[in-house]
C-alpha cells in the first residue's frame, strides 16, 4: 500500500509561489500589502496544490462553525451608530477568520444556523427581550455591547461606554460656555445607555441646582412629534438655553426649531448631540457632539468574543470601557453676554 | 400504547393567550403593533405549550439553513453606501425569516457555515475575484448587486443601477447650469459601476465635443493624493468649470480645493457627487448628487434571492433595475455669466 499523501503545507505553497511563508500566510488571509499579481500567484499555487486554509482544519478539530451571531435591535437598523458597530465587529471578526451573522430583532424563527453559531454579541440589550435572555442562558459565550439588564445571567464579558460620565462631560462643556438651563432629549430607558444618560443628567442638575427639562426621544417617534416638542420647549417663558439630544439626527431638528423661533444656534441656544455623525461635522453650524466610538465598540466586543472562542480566559467576566470623547464645534460657541447684545 | 401527542398549533397558542391566530402569528414573528404585555402573553403561551415556530419546521423539511451570505468587498467596509446595501438586505431578509451572514473579502477561510448557506448575494463583484467565481460556479443560487464581470457564469438574477444613464443625468444637469468643461473623478474600473461611469462620461463628452478630464478616485487612495489631484486640476489654464466625483466623501474634498483656489462653489465651479450621503445634504453649500438607492439595492437583491429560495422562477435570469435619481442642491446653482460679474 502507498503511504498516505503528506498534507500540503503553507511552506509548499510559499515555495511554489516563490514567496516567504509569511507572505503566503498573510496573502491567503487577504492581509498585508502585496501586488495583485503576487496575490494571484499565491492563490494559484494554493489551488494547484490543493492547500486547505488552516481555519477549516482548526474548525474541524474543534467542531466550531467559524461564525458568530450579532444581535442588533431592529428598530435601530437605520441608525449609523449601529451600522458602525456592526461593521467594526465584521472587520475585527475577519482578523480572527470569523464570519458574522446579523440577527435583527425582527427575526423570531430559530434558524438551523443560529444553533451552530460559536458565540454571540448582543448590542444594546433591551429590558425584557426574550432572545437576550435565551442567549445568556445558553451554552455559547455571549459578549454584551453595553451592560445587560438587571436580573439576567452575566455575559462572558462586556464592552461599555460610561454614559453617566459622557453626559456629565457634555453638560460641563455647556456650563463652561455659559448655559444654565440645559434641556435634555433622552432615548429609550429600556436600554442601559438611555438609563445612564438620564441618571447623569439628574445628578448633574441636582449638583448645579438647576431644574431638569426632559424630552423623550424614542427611536420610533415621528420627526413631527420631535419638532413640536422642541417648539413647545422653546416657546416657554423659562425656555432652555441649551439642548442635549439623542439619538442621532435629533440635533438637526433642534437646530431647525431654534432658527424657526428666531433664535441663534450657538449664541442664544447651544446645541449638543449625544451621538456624533458625519452630517453634524459639516452642517451649518457644525454641531458639538460625543464620539461614542461605535466602530471601536464593534471591534472591542468581537475582540472579547474571540478571546472566549480561543480559550483565553484572562478577560472572562470583565467589563472593558470604550472611551467617549467630546467633539467641540460651533453650535456651542457660547451664550451671548449682555454687553455683546 | 398512547397515541402520539398531537403537534401544538398556532391556534392553540392563540387560544391560550386569548388572541386571534393572526395576532399570535404576527407577534411571534416580531411584527404588528401590540403592547408589550400582549407580546409577553403570547410568548409565554408559546413557551408553555412548547410551540415550535414554523420556520424551523420548514427548514427541517427542506434541509435549508435559513441563512444566506452577503459578500461585500472589504475595502468598502467604511463606505455608507455598502452599509446601507447591507442593512437593506438584512431588513428584507428578516421579512422572509432569513438571516444574513456577512462575508467580507478579507475572510479567506472556508467556514463550515459558508457551506451551509442557502444562497448568496455578491455586491459590486470585482474582476478576477476568485470568491465570486467560486460562488457563481457553485450549486447555490447567487444574486448579484450590479453586473458580474464578463466571462463568469450568469447569476440567478441581478439587480443593477444604470450608471451610463446616471452619469449622463448628472452631466446633462451640469450642462444645463452652464458648465462646459466637466472633470470627472472615476472610481475603480474593476467594478461594473466604475466602468459604466467612465463609459457614460466618454460618450457624453464625445457627443458634446468637449475633452475629457479624468481623475482616478481609487477606494484606497489617500485623501492627500485626492486633494493634490484637485489642486492640480484647478491650477490649469483650461481648468474645469465643474467636477463630478465618486466615491462618496470626495465631493467634500473638491469643495475644499475649490475654495482654497479662491473660487466660488456653485458659481465658478459646480460640484456634483455621484454618490449621495447624509453629509452632502447639510454641508455648506449642500452638494448635488445622485441617490443610487443603496437600501433599495440591498432589499432588491434579497427579494430576488428569496424568490430563488422559495422556488419562484418567474424572475430567474432577469436583471431588475434599481432607479437612480438626481438630487439638485446649491453646489450646482449655475455658472456665473459675465453680466453678473
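Each value in this text was obtained by applying a stated rule to the coordinates, not by laboratory testing. Note that the structure is predicted; figures quoted are calculated from it, not measured. FYI the Cβ positions are ideal-geometry reconstructions off the backbone, even for glycines, and counts take in every protein chain you see.
Mind giving me the nanometre distance, one decimal, between the label points for residue A:150 and residue A:330, set 7 Å out from Cα along Cα→Cβ?
4.5
Would you tell me the mean number of C-beta atoms belonging to other protein chains that fall within 10 Å of each C-beta in A:35-48, as a whole number? Let's see the in-between values first.
Details: counts 0, 3, 0, 0, 2, 2, 0, 0, 3, 1, 0, 2, 1, 0.
Taking all residues of A:35-48 together, the mean is 1.
Order by neighbour count: B:82, B:201, fewest other Cβ atoms within 10 Å first, most last. Working shown, then result.
Values: B:82 26, B:201 23.
Ranking B:82, B:201 by Cβ neighbours within 10 Å, fewest first, gives B:201, B:82.
Rank by packing, highest mean first: peptides A:161-168, B:37-44, with packing defined as the count of other Cβ atoms within 10 Å averaged across residues.
Working: A:161-168: 20.2, B:37-44: 16.6.
Final packing ranking: A:161-168, B:37-44.
Would you kindly calculate the mean projected area, averaged across all directions, of the convex hull enclosing the Cα atoms of chain A, in square nanometres? Please report the intermediate quantities before stating the final value.
Details: hull surface 92.4 nm².
Mean projected area for chain A: 23.1 nm², to one decimal.
Set the Förster distance to 22 Å, then compute FRET efficiency between residue A:263 and residue A:165 from the Cβ-Cβ distance, nearest 0.05. Mind dumping the intermediate values first?
Details: r = 30 Å, r/R0 = 1.36.
Calculated transfer efficiency: 0.15.
How do the peptides A:170-176, B:174-180 rank, highest first, by the average count of neighbouring beta carbon atoms within 10 Å per residue? Display every interim value, and only then the final one.
Details: A:170-176: 19.0, B:174-180: 17.0.
Order by mean packing, descending: A:170-176, B:174-180.
How far, in nm to one decimal, is residue A:319 from itself in the other copies if the label point is set 7 angstrom along Cα toward Cβ? Shortest first, please.
5.5
Of A:269, A:123, A:19, which has the largest mean-square fluctuation in a 10 Å C-alpha GNM of chain A?
Evaluated over chain A, the most mobile residue of the options is A:19.
List the distances, in nm and shortest first, from the label point of residue A:153 to the matching label points in every other copy, placing each point 7 Å from Cα along the Cα-to-Cβ direction.
With the label placed 7 Å along Cα→Cβ, residue A:153 yields 4.3 nm.
Where does each of A:315-328, B:252-265, A:127-140 land if you order them by average Cβ count within 10 Å, highest first? The partial results should precede the final answer.
Values: A:315-328: 14.0, B:252-265: 18.1, A:127-140: 16.4.
The packing order, highest mean first, is B:252-265, A:127-140, A:315-328.
With no solvent and one equal point scatterer placed on each C-alpha of segment A:10-52, evaluate the Debye formula and give log10 I(q)/I(0) for q = 0.14, 0.28, 0.34 Å⁻¹, two decimals.
Those come out to -0.22, -0.94, -1.37, one per q.
In whole Å and largest first, what semi-axes does the C-alpha gyration tensor of the protein assembly as shown yield when each eigenvalue is scaled by 5 and square-rooted?
Values: eigenvalues 340, 285, 122 Å².
Calculated on Cα positions only, the semi-axes equal 41, 38, 25 Å.
Please compute the average number of Cβ atoms from other chains found within 10 Å of each residue's Cβ in peptide A:275-281. Could the numbers behind the result be given before it?
Working: counts 0, 0, 3, 10, 7, 3, 4.
Whole-number average of other-chain Cβ neighbours for A:275-281 is 4.
Mind checking the angle between helix A:36-49 and chain A's longest principal axis? C-alpha axes, 0 to 90 degrees, to the nearest 10.
Approximately 40 degrees, to the nearest 10.
Considering the Cα trace of segment A:171-310, what is its radius of gyration and what is Dmax, both in angstroms?
Using the Cα atoms of segment A:171-310, the pair Rg, Dmax is 16.3, 60 Å.
Find the Rg to Rh ratio for segment B:249-341, where Rh is the Kirkwood radius over alpha-carbon pairs and Rg uses the same atoms. Walk me through the numbers on the way to the answer.
Working: Rg = 19.3 Å, Rh = 15.7 Å.
With Rh from the inverse mean 1/r over Cα pairs, Rg/Rh is 1.23.
On average, how many beta carbons from a partner chain sit within 10 Å of the beta carbon of a residue in B:92-104? Provide the component values of the computation, followed by the final result.
On the way: counts 0, 4, 10, 2, 2, 6, 4, 12, 6, 9, 12, 5, 8.
Partner-chain Cβ atoms within 10 Å, mean over residues of B:92-104: 6.
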